[in-house]
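Encoded as structure tokens, the structure appears first; notes follow it.
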Amino acid sequence: MNSELLLQLLLNGIIVGMLYGVVAMCFVLIYKSTQVVNFAQGEFLVLGGWVCLSLVIQMGLPFFLAFLFTLVFMAIFGIVVQQIILRPLIGEPIISVIMVTIGLSIFMQSLMNWVFGNDAKRFPDIFGSLSVISIGGLNVETAYVMSLVLSLVIMAVFYFFFRFTRHGLAMRATAFNQQIAQSLGISVKQTFAMAWAISALVSGVAGVVMGIVSAVSNSLAFVGIKVFPAVIVGGLDSIVGAVVGGLIIGVLENLAEFIDGEYLHIGNLYTIAPFYVLIIILMIKPYGLFGTKDIERI
Amino acid sequence: MLAQTDAATMDVSENSDDIILSVNNVEVVFNEVILVLRGLNLKAKRGNITALLGTNGAGKSTSLKAITNLLAMEDGEVTRGSIEYEGEDATHLGPETLVRKGIFLVMEGRGILQDMTVTENLRLGAYSRSNANIKAEIEQIYSYFPRLKERTGLAGYLSGGEQQMLAIGRAMMAKPKLILMDEPSMGLSPLLVKEVFSIIQRLNKELGISILLVEQNAKMALKIADEAYIMENGKIVLDGTAKELMENEDVKEFYLGGGGERRSFKNLKSFKRRKRWL
């Protein structure tokens with residue numbers, strides 16, 4: 001048994017898992033506050049990556065400026081999507097809403113293929129991100145470490161926002177019960193728009209980070225699908241669950257890779273393992289680890 | 001009896017400055033077909049406690065939601081009539097605007113955000129006031145309800161009485177001019193009901209907040225109210241000062257649990273009476 005490889009993969013798993021956790025949080029944020037299952041979350045992430053990359057490469061903007069601009073762009077994009085596509089669907093059956101977000105995902109995929117091309121593109125090496133530092137004997141690229149730090153920062157900001165700010169509390173109130181929220185003077189429409197804005201913005205950040213870690217390409221949208229098992233494991237409506245789910249999926253993926261590479265030699269176990277877990281979890285704990293149990297009588 | 005009620009009504013309509021809320025001939029329809037309020041008329045005087053009494057399904061809660069414009073979420077809609085708050089038309093103002101203007105509804109079943117802490121609930125009470133000095137104000141609320149201060153866990157674990165106090169405290173955080181209370185006595189023991197009602201009285205006397213109180217517990221409500229309306233089947237059937245209503249034979253029989261032989265509502269003159277508004 002190659003224990004060094006195992007440790008290396010576990011560390012990778014934790015780092016990637018944190019990033020999954022961040023995207024899963026965005027997904028849960030939208031689901032919890034607006035009851036929309038957003039299948040286009042992965043495309044949001046890719047869009048963020050592309051916008052930042054083109055600003056840096058084509059417009060020649062310094063990275064931080066481009067990054068700031070990307071944040072603003074993604075927030076506005078989230079609000080526009082919510083206003084134009086999802087607001088008219090309030091009160092429609094969940095299946096229609098799901099169809100619309102799947103449609104949005106396909107539409108965005110094709111559009112990005114057309115505008116940004118089909119090839120993977122790398123960010124210029126801004127932070128010396130390819131250099132390697134050693135943590136306890138394991139070699140880790142700086143970019144990975146930065147991504148880990150950024151994920152932790154985002155999670156801390158989320159925690160602070162929902163715990164202590166006026167708007168964060170208002171969003172939680174809206175998620176709990178819209179009528180009560182309204183009776184307190186909270187505008188539900190405004191809260192919905194805010195949920196989409198934050199979700200798109202943070203997904204965009206994750207996209208930029210992934211772009212720096214590997215490269216920006218349309219296939220990054222797979223993260224949107226990976227996030228599914230993460231979210232289901234954690235329970236659809238739990239933000240903490242999303243983070244834990246993300247970590248579990250990230251670690252599991254890499255464990256699967258290890259077992260596959262060392263013993264089984266099937267190949268590609270890496271991509272499918274999370275979905276086996278998804279099925280198993282749904283069989284034994286249909287509401288996930290942290291989800292609210294809804295008893296529905298038919 | 002009739003003359004007395006008329007005199008009371010005259011009083012109310014005379015001085016329009018004193019009236020903080022006036023509901024004129026309001027009709028509410030649910031799902032575009034179900035008529036729930038059929039021409040509701042009532043006026044709440046500034047600085048008074050006005051009680052709105054009635055049995056289950058009379059439309060009391062719907063009236064309060066119509067006033068605060070919260071019906072859209074239940075597919076309800078005000079189809080006729082108008083609601084005036086402080087002399088201005090407020091029929092179609094959004095719920096956020098109404099809260100900012102000083103109308104606050106304490107919902108039936110208290111409307112506590114159960115997965116948040118007591119402090120977070122109180123903070124959200126002040127949501128509409130961005131310049132609020134939250135910390136000091138929360139301390140002030142705790143001085144009214146010392147029991148809440150000790151509860152650091154989630155609001156969902158509070159007892160019914162504590163939740164009601166939290167709901168009232170949260171309403172105070174909004175610094176409203178008019179509080180609408182939907183059945184504050186619901187599910188509480190008689191002793192707690194007494195406590196809650198004395199708090200409502202304090203809000204009214206000490207802070208000068210006008211109160212529109214919806215209740216099934218007519219006896220308690222009439223004790224603290226200045227004026228009262230009795231509602232049946234989506235409209236007002238009787239009104240007057242609380243004192244008058246308490247002495248009214250019909251009210252005694254139907255709502256206060258006294259009286260002799262049973263009669264039908266239909267045979268009662270006062271219940272047939274309807275005001276004309278046009």
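The combined condition, being surrounded by 14 or more Cβ atoms within 10 Å (Cβ to Cβ), more than 14 Å from chain B (Cβ to nearest Cβ) and free of Cβ contacts under 8 Å to residues at least 40 places away in the same chain, is fulfilled by A:THR142.
State whether one or more residues within segment B:224-233 are within 30 Å of B:GLU137 (Cα to Cα), modelled with pLDDT of 90 or more, part of a helix (DSSP H, G or I) and over 14 Å from the mean Cα position of the chain (by Cα). No, every residue in segment B:224-233 fails to be within 30 Å of B:GLU137 (Cα to Cα), modelled with pLDDT of 90 or more, part of a helix (DSSP H, G or I) and over 14 Å from the mean Cα position of the chain (by Cα). Could you check, for segment B:142-155, whether at least one of its residues is of a type in the set (A, V, I, L, M), within 11 Å of chain A (Cβ to nearest Cβ) and more than 23 Å from B:SER185 (Cα to Cα)? Taking every residue of segment B:142-155 in turn, none turns out to be of a type in the set (A, V, I, L, M), within 11 Å of chain A (Cβ to nearest Cβ) and more than 23 Å from B:SER185 (Cα to Cα). Of the residues A:ILE239, A:ILE232, the single one that is away from chain B (no Cβ under 14 Å) and not basic (Lys, Arg) is A:ILE232. Taken over segment B:120-139, the residue count meeting the criterion of being touching a residue at least 12 places away in the same chain (Cβ under 8 Å) and more than 10 Å from every other protein chain (Cβ to nearest Cβ) is 3. Give me a count of the residues in segment B:86-119 that are over 20 Å from the mean Cα position of the chain (by Cα) and either basic (Lys, Arg) or more than 7 Å from chain A (Cβ to nearest Cβ) (or both). The qualifying residues number 4.
Of the listed requirements (1) farther than 18 Å from A:LEU104 by Cα; (2) touching a helix residue (DSSP H, G or I) at 6+ places or on another chain (Cβ under 7 Å); (3) among the polar types (S, T, N, Q), A:THR165 misses just one: (2).
Taking the listed residues A:GLY168, A:GLY207, A:GLY185, the one that is in contact with a Ser or Thr (Cβ under 6 Å, 6 or more places away or on another chain) and not hydrophobic (A, V, I, L, M, F, W, C) is A:GLY185, with no other qualifying. Of the helices (runs of 4 or more DSSP H) that lie entirely inside segment A:22-131, those containing 2 or more residues that are surrounded by fewer than 18 Cβ atoms within 10 Å (Cβ to Cβ) and modelled with pLDDT of 90 or more span A:63-81, A:94-116. So for segment A:90-97 (the condition being in contact with a helix residue (DSSP H, G or I) (Cβ under 7 Å, 6 or more places away or on another chain) and under 21 Å from A:ASN38 (Cβ atoms)), does at least one residue qualify? Checking segment A:90-97: at least one residue is in contact with a helix residue (DSSP H, G or I) (Cβ under 7 Å, 6 or more places away or on another chain) and under 21 Å from A:ASN38 (Cβ atoms). Among the residues of segment B:79-101, the ones that are in contact with a strand residue (DSSP E or B) (Cβ under 7 Å, 6 or more places away or on another chain) and farther than 19 Å from B:ILE20 by Cβ come to 2 in all. The residues in segment B:197-217 that are touching a Gly at 6+ places or on another chain (Cβ under 7 Å) and crowded, with 20+ Cβ neighbours inside 10 Å can be counted, and the count is 1.
The values are calculated or read from the model by the stated rules, or taken from the named source; none is laboratory data. What you see is a predicted model; the values in this text were computed from it and never measured. Neighbour counts run over all protein chains shown; Cβ positions are idealised from the backbone, glycine included.
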